[in-house]
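One structure below.
Rule-based calculations on the coordinates, nothing more; no lab input. Since this is a predicted model, take the numbers as computed values, not measurements. Counting neighbours? That spans all protein chains shown, and the Cβs are built from the backbone with ideal geometry, glycine included.
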Amino acid sequence: MQKNLGMVDQYLRLAAGTVALMGAAQCRRNRWAQTLLTLYGAMKVTEGVTGWCPIMYAMGVKHAPSDPMPQRAREAGRKHAPFQSHAANRDEVSAAEDTPEIETASINRSYQ
């Protein structure tokens, strides 16, 4: 079996399965609801642990989706999307740092 779920999908399915199993443990009155929650929870926990979903496999997804962040970074022409944009604007940051000092000085004068 080849993984067809990404890490985020695996964690979400594991969490959803755990919540469903906890709900099944609390369900005392309706036997059908308890059975369905147990089956759903067990299926989601198994998908989360193995990283393979039979429904996605039937739809034709045969591999884990790639991380979207590097793809967005490549589209923008950057190597590291979240950090390079901040480093490129250092001149703007230093200009913005001077502004609060001027505003603070004017505020201090008005209180004196």
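Results, tabulated for the structure shown:
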{"quantity": "Extension reserve of the THR50-THR38 stretch, reckoned as 0.36 nm per residue once the Cα distance is removed", "calculated": "2.5 nm"}
{"quantity": "Per-pair calculated FRET efficiency, R0 = 25 Å: THR18 and VAL61 via Cβ, rounded to 0.05", "calculated": "0.60"}
